[in-house]
Every structure is written in structure tokens, then in C-alpha cells.
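Participant: Take a look at the following structure, please.
The values are calculated or read from the model by the stated rules, or taken from the named source; none is laboratory data. Please read these numbers as outputs of a predicted model, since none were measured by experiment. Counting neighbours? That spans all protein chains shown, and the Cβs are built from the backbone with ideal geometry, glycine included. The protein model used for the area step is the full one, side chains on, heavy atoms only, and it has no ligands, DNA or RNA in it. Shrake-Rupley method; radii C 1.70, N 1.55, O 1.52, S 1.80 Å.
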Protein chains: 2
Amino acid sequence: MTDVKTPINPLFLREEELRQGIELLFFAYRDFTAEPDAILAAYGFGRAHHRVIYFVGRNPGMTVSDLLAILRITKQSLSRVLGQLVDEGFITQRPGVHDRRQRLLELTEKGTELERQLTERQRARFARAYREAGAEAVEGFRKVMLGLIDEADRSRFPSRGPGWLRQARVASERPVAGHL
Amino acid sequence: MTDVKTPINPLFLREEELRQGIELLFFAYRDFTAEPDAILAAYGFGRAHHRVIYFVGRNPGMTVSDLLAILRITKQSLSRVLGQLVDEGFITQRPGVHDRRQRLLELTEKGTELERQLTERQRARFARAYREAGAEAVEGFRKVMLGLIDEADRSRFPSRGPGWLRQARVASERPVAGHL
DNA sequence: GTCTTTACGTCAGTCATGTTGACATATATC
DNA sequence: GATATATGTCAACATGACTGACGTAAAGAC
């Protein structure tokens, strides 16, 4: 078991570290989605519905185009899922104020309730992980995750200098669809 | 824009932080899988094939049960994907030594080549993110990600005290299927 | 040495979610 | 008035998950 003759190889270190990153992401995502999936099944919904509910809840008044840009799926794929959510009274559409071709999306009361129920589990998972890891680790987590995301979408995550909180609060209260 | 009358609300801070975590994970996973998906399409394969190739490559000699435990899918789902990979010469099966009911899985030369090609992009993405974020951030990333993963699977990631490298190296060279 | 359990495979049907391609409608913009 | 944009819709198809039922070979228990 003791292998004294194995020299330390920096290339191996790197390879092992990178593979661990890949696997951490796989397992974290697998477990992260499992709980909401179970809840959704009771409504006859799937993960795609969750994504729509989540982002509409996070960004009330967003357009269909905004949503498509986030999800990176075709409008036909979105249409089926979004249509169901509208038909079943979880999401409302209203024409845009400046551009009446747009359909601005919002959660209904019912939709808000489901969103809360679904996201609660995921928030709890993050709360636990953050608490166990500590504030410094959370900063590192943010940095690495941001580096994994395509340049184009990093601007969705405001950098956290002084005043970060006020900006985040304003962004949350009055989401700018064009920015999404 | 300046809103002096907004008091700082720690509950909001928490909520915002947790939602950012959720979104970081969504966007990172979305972008992380996009590149390999494009390569796989050329072979007529999908993401499921990638997962099988990845974990078999990482753990040569693993059993079908091991793989099912990692992927958390049914044997019927795995069967189709694994069957294709065996038929097309990317993976070989041989009976277990101690238990001949088992089918020990290994990549062929062809499989190893595809695995390299696929994982290369993901390794590159992590290498960039790690480099940009720095060693300390990587430690924080690891901690948080581990906290997100179900207790049952955390043991897949050896803790990195002194000597972790040797352990990791040994683990990589002689993977213990029962541990996966 | 039978009996039961385990590891794995297979057939059949279904569902969720993605794709492409073509076409339609209303509104905005030049 | 012509063109571009935002959105929707119909149709066909692929992937990857699911359930349920059944089969086979080998291991382990009594």
C-alpha cells in the first residue's frame, strides 16, 4: 500500500483536480435536481416546468425572448411547457407596454406558491452547504462557478464590491428584462 | 437610483445569496455540457453516452451496479446506452473474477480516445476557471460543492489533508469498484 | 443439493423534453 | 408600403428517462 517509489507528478495533480471538479459538478447537479423533480411529478410537471417557473418568478415581466436566451432551447420546446403553465393558471401573459408584440410573463398566486415550494428545497440545500463551508468558501465557490460560465452570461451576476447589496436589491425589485 | 431609505435586510441578503447559488449552478451546468454535446452528436450519441464513457474511463473494471448507483437511472435506461457503446466497440465487458455474474466494464482504445476528446473540453473549462479564481477559491468551491452533494456520495471525494495526493493517485490507478 | 437471492439482460409500452422545418399573425421600424 | 421582429403553431422525430414483466446464470444459505 505504501508506495515510496512513486514520485509526485504535478501533471497528475492537475488532472486529478480537474476530474474532481467535473465530478463535483455532476453529483451536485444530480442531487440538486432530484428533490424538486419529485414534487413536480405530483403536478404532472417536469424539470422544464421548474426552470420556467423559477426564472419567471425571479424576473417578473420578462419576455419570451428573455426566457429563451436563458434556457437555450427552441421556442417550440418552450411553447409546450409554457403553454401548459399558462393553461393551468400558474403563469399569466400580458402584452408589452412599449412593444405590444411581446408577452410579458408573470407568476400567478398559484404559480408563486409552487415556485416557493420547489425552490425552498434548493435554497435549503444551499443554505446548509454555505453554512458548513463558511463565508470565505462561498466567495471561492462564486469565483470558480462564474469562471465556468460562458462570458456572455457572467454579467447576470453582479460583482460584489461595496454597495453590492443595494444593487442586488434594486435588481431584484425592478428586474430589467433586457438585462436578462 | 440612490435609495437612502432602504434599510439593509439580512434576510434579503440571505435570499439573494441563495438564489445566486441556484443560478450559478444552472448556468454552469448548462454551459459545461454544451460543448461535449456537440461532439457527441457527430457520433450519434447523447449526454447519457458521455456519462457512461466518463465513469467507465475513470473507473476501469467497474460493474454495471456501480454505474447504476452513480447515474441513478434504471437498468433499462442504462442498457440501451451501454449496449450501443459495447456494440460499436467503445466499451468491453468481461466476467468478474470473484463473481462471474458481474460484467466488468472497460474502455477500448476507441473508447479511450473518445473519452479524451470529450473530457478535454470540460477539463479545459475547469482549468481556466481554477486559474482565474486561484487556489484558495478552488478550496472554497470544493467545500461548497461537497456540501451540496448527498451525504451518501461524499465519500467519493477524499478529503485533502497531507498525503491526499498519494491516496488519490493510488485510487486512480487501482480503483475499488465497491467504493464507487 | 435444493432453495433463494443477486447481477444482469431483455421486451414492450409510455412519457418528458429536446430537435428541425414550415407557415401564420401582429406589430414595429425603415 | 415593405421589411424585420416577437411570438405562436402544426407536424414529425430523437433521446433518455420511466414502469412492469419475465429470463438466465451464478452465488450464497440451509
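Participant: Mind telling me which of the residues A:Ala41, A:Ala34 ends up being surrounded by fewer than 14 Cβ atoms within 10 Å (Cβ to Cβ) and either facing chain B (nearest Cβ under 10 Å) or touching a helix residue (DSSP H, G or I) at 6+ places or on another chain (Cβ under 8 Å) (or both)?
Facilitator: On inspection, the qualifying residue turns out to be A:Ala34.
Participant: Might you check whether a residue that is within 14 Å of chain B (Cβ to nearest Cβ), within 27 Å of B:Val144 (Cα to Cα), within 11 Å of DNA strand C (Cβ to nearest atom) and open to solvent by 80 Å² or more (accessible area, probe 1.4 Å) occurs anywhere in the range A:59-74?
Facilitator: yes
Participant: Looking at (1) modelled with pLDDT under 95; (2) within 12 Å of DNA strand D (Cβ to nearest atom), which is the one condition that is false for B:Gln84?
Facilitator: (1)
Participant: With facing chain B (nearest Cβ under 10 Å), in a helix (DSSP H, G or I) and of a type in the set (Gly, Ala, Ser) as the only criterion, which of A:Ala28, A:Ala48 stands out?
Facilitator: The conditions single out A:Ala28.
Participant: Please tell me if A:Arg121 is over 15 Å from B:Glu15 (Cβ atoms), open to solvent by 10 Å² or more (accessible area, probe 1.4 Å) and more than 8 Å from every other protein chain (Cβ to nearest Cβ).
Facilitator: Here the answer is no, as A:Arg121 does not meet what is asked.
Participant: For the range A:75-106, which positions are more than 13 Å from DNA strand C (Cβ to nearest atom) and loosely packed, with under 11 Cβ neighbours inside 10 Å?
Facilitator: A:Asp87
Participant: What number of residues in the range B:36-45 are within 11 Å of DNA strand D (Cβ to nearest atom), touching a Leu at 6+ places or on another chain (Cβ under 9 Å) and in a helix (DSSP H, G or I)?
Facilitator: The qualifying residues number 3.
Participant: Further, regarding this structure: Residues A:Gly134, A:Gly147, A:Gly140: which one is loosely packed, with under 14 Cβ neighbours inside 10 Å and not hydroxyl-bearing (Ser, Thr, Tyr)?
Facilitator: The unique qualifying residue is A:Gly134.
Participant: Continuing with this model, one more query. Among the helices (runs of 4 or more DSSP H) lying completely within the range B:56-156, list those that include at least 3 residues that are in contact with a Leu (Cβ under 6 Å, 6 or more places away or on another chain).
Facilitator: Result: B:109-133.
Participant: Checking B:Glu115 against (1) open to solvent by 30 Å² or more (accessible area, probe 1.4 Å); (2) touching a residue at least 60 places away in the same chain (Cβ under 8 Å); (3) under 15 Å from the mean Cα position of the chain (by Cα); (4) away from DNA strand C (no atom under 13 Å from the Cβ): exactly one of these is not met. Which one?
Facilitator: With (1) open to solvent by 30 Å² or more (accessible area, probe 1.4 Å); (2) touching a residue at least 60 places away in the same chain (Cβ under 8 Å); (3) under 15 Å from the mean Cα position of the chain (by Cα); (4) away from DNA strand C (no atom under 13 Å from the Cβ) applied to B:Glu115, the lone miss is (1).
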